[in-house]
Each structure stands twice: as structure tokens, then as C-alpha cells.
Amino acid sequence: MASKHGFKKSPRDLLVVGQDFQLDRVESSAAPGFSGKKRDAEQLLADRARRLGVLQEQLFAESKFGAEKSVLLVLQAMDTAGKGGIVSHVVGSVDPQGVQLHAFKAPTDEEKSHDFLWRIQKEVPRHGMLGVFDRSHYEDVLIHRVHGWADEAELTRRYAAINDFEAGLNEAGTKIVKVMLQISPETQKERLSARLADPIKHWKYSPGDLTERAFWPQYMEAYQKAFEQTSTETAPWYVVPADKKWYARLAVQELLIDAFESMKLDWPKGDFDLATEKKRLAAS
């Protein structure tokens, strides 16, 4: 990397959920592998945004010539963990024409009448697009486990269905980057307090945030189970410490860049004769 304050080791290797991963061992205030400070991270984020932008444009351009590739960023987290900041500061740095964002809310009555993946399948990124799921199909194995809305047999079925769904996406050319932003309960409390203290931020606050906060241990158990069942070779999970927003944004940016670079993208060649077109333009 260009900066001396960059990562000593790729976040892909540092943050991946492996076989022996334990969520309760993640230090949410840490900055694994990064040697700089906040100001260094902010500068590097801006510098690397140019690289991400080029890669995203190459993906988009290739699709215009028949390439069947896309990228899907899945963002999961407890409330206030910074999903919106990732969308704004990382995804927001690329051309919006190439971004397909969907924030999944509580399912509608129509959506509930179908299998849980029905509404998800309709939003997968088209060829050439960077898709972003702000919350996702994982809500149906997280909140449902926490509140007992699905029994163990149904949850097991859903884990298997998710793995099949993601394997199918990968086979069809979609590179999946699954990120869980991990914050501490103390950090969440500080951020909720800040929202209540500032009228400008009241729109971000929901009383339901406190309701779900009471189930923090159960959510951590649900995430651990989901990681164990759905962190696969083709679609691994990455757990990003997110108490430091600047670190989380930089780490997710690097995960995306790595995903794009693994696709071996390039600029497509024009389907015209260059010399002829130059002559035509000069004569016009």
C-alpha cells in the first residue's frame, strides 16, 4: 500500500471468521493490523477511494460488453454500529450509477407470505453493479433466534438455504463480502445518548433500539451461531471492530478493494477501429 501508515496485514486475513472464531474474543475498540492514527486513516480512506472507484468503474464497463460479474456487500450489526457511515463514506465514494443499495426493513405481509429469501432474491445486484444490503437475509436467523420466532429445525433449514443461495450467487459471478460491525454495549449507549442529546439526530433514534439492546447477549449468541453455520469458503464472514468508526470504514474499504481485485477486472477494448474513428472525428 502507498501509505506507511497502511495495514501491516490484509483485513481479509485479520478479520475473517475462521473455524475457531469466537465473537466474544473480538476487541471492538481495536484496530487490527493498522499502524496509524485517526488522521492517517482518514487520509488513506481518501487515497484508496480512488482505487475503489476505478475498480467499480471497470466492473460496470465490463458488464456493458457481456461480463456477468457483480459484488455484494452485506452489512450486519447492532444499532448505531455505523452501517450508514460505511454506505456514506466507503460506498459513497464510487459512481452512484454503479451502486444498487437496499435497506431491508421488517417484512411486509406480502413478503411474509413467501419464503424468507423471496424478497432478498429480488434485490441481488445486477451484472456490473456493486450491491449493498443494509441488513439482509441474516435478520431471519438473528432476530428470529433471539425472540424464538423460529424453532431450531427451521433455523437449521434457513442456514442451509442461505449457504445454497450464496453459493449460487458466487457461481453466477457475484463476489460476496459479508461484514459484521462489532461495537461494545458501552459504545452503543454513548451513541444512543448522543442521538437523544441532539435534536438534529432525533430522527435516527427509535425506542425499539433500547428494546433490542436488552437482548444483547442473545444477539451475540445468535451471531456466533450464524457465523458457525454460514461462514463458507466462497462467502466468509468478516467481523470488523467498529468502536472506532474510522477503522471500520477503512477496513471495509480494503475488504471491498480486495474483492474487486480478485475478479481480475480490466478496461474492455472498444469494438471499433481507433484510427478510423479519429479520422472521422477530425473531419466532423
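Computed quantities for the displayed model
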| quantity | calculated |
| --- | --- |
| Alpha-carbon centroid distance for the pair segment 230-250 / segment 7-23, whole angstrom | 8 Å |
| Separation of the E154 and D24 label points, Cα + 7 Å toward Cβ, nm | 2.8 nm |
| Neighbour cut-off at most 15 other Cβ (10 Å), DSSP loop, GluC sites (Glu not before Pro), segment 1-64 | E27 |
| Fraction of beta bridges assigned by DSSP in the chain that are antiparallel (%, nearest 5) | 10 percent |
| Cα long-axis angle, helix 245-261 against the chain (0 to 90 degrees, to the nearest 10) | 50 degrees |
| Contour excess over end-to-end distance, with Cα ends at D271 and A197 and 0.36 nm allotted per residue | 20.8 nm |
| The chain, relative contact order in percent, only Cα pairs under 8 angstrom and at least six apart counted | 33 percent |
| Relative contact order (%) - segment 1-111, alpha-carbon pairs under 8 angstrom, separation at least six | 26 percent |
| Extension gain from V16 to A283, taking 0.36 nm per residue of separation minus the Cα-Cα distance | 90.4 nm |
| Modelled label reach - W216, point 7 Å along Cα→Cβ, segment 68-90 residues with backbone N closer than 14 Å | 78-81 |
| For K112, net neighbour charge (Lys/Arg +1, Asp/Glu -1) across residues whose Cβ lies under 11 Å away | -4 |
| Distance histogram in 5 Å bins (all Cα pairs of the chain, percent per bin) | 1, 5, 11, 15, 17, 16, 14, 9, 5, 3, 2, 1, 1, 0, 0 |
| Choice from M220, M180, M129 with maximal GNM fluctuation in the chain (Cα, 10 Å cutoff) | M220 |
| Projected label distance in nm at K204 and S262, using a 7 Å step from Cα toward the beta-carbon | 3.1 nm |
| Mean-position separation - Cα centroids, segment 182-222 and segment 66-80, in angstrom | 23 Å |
| Of K37/K83; K83/K178; K105/K175; K8/K38; K37/K201; K38/K244, pairs whose Cα-Cα distance is over 18 Å | K37/K83; K105/K175; K37/K201 |
| Segment 224-281: projected area of the alpha-carbon convex hull, averaged over directions, in nm² | 7.5 nm² |
| Pairwise label distance in nanometres, D115 with A161, each label 7 Å out on the Cα-Cβ vector | 0.6 nm |
| GNM flexibility winner over the chain from L73, L265, L130 (Cα, springs under 10 Å) | L265 |
| Relative contact order [Cα under 8 Å, 6+ residues apart], segment 65-143, whole percent | 53 percent |
| Taking only Cα atoms of segment 61-142, radius of gyration then Dmax in Å | 14.0, 40 |
| Unit charges at the beta carbon, dipole of segment 100-156: most positive-side option, H147, H102, W118 | H102 |
| Förster radius 30 Å - calculated FRET efficiency between V54 and T234 (Cβ-Cβ, nearest 0.05) | 0.75 |
| Of all accessible heavy-atom area on the chain, the percent that carbon and sulfur account for (1.4 Å) | 50 percent |
| Solvent-accessible area per residue, Å², over the chain with all protein chains present [probe radius 1.4 Å] | 52 Å² |
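The values are calculated or read from the model by the stated rules, or taken from the named source; none is laboratory data. Computed from a predicted model, the values in this text were never measured in an experiment. Positions of Cβ are generated from backbone atoms using ideal geometry, with glycine treated the same way; all protein chains shown enter the neighbour counts. SASA here: full protein model, heavy atoms, side chains in, ligands and nucleic acids out. Shrake-Rupley method; radii C 1.70, N 1.55, O 1.52, S 1.80 Å.
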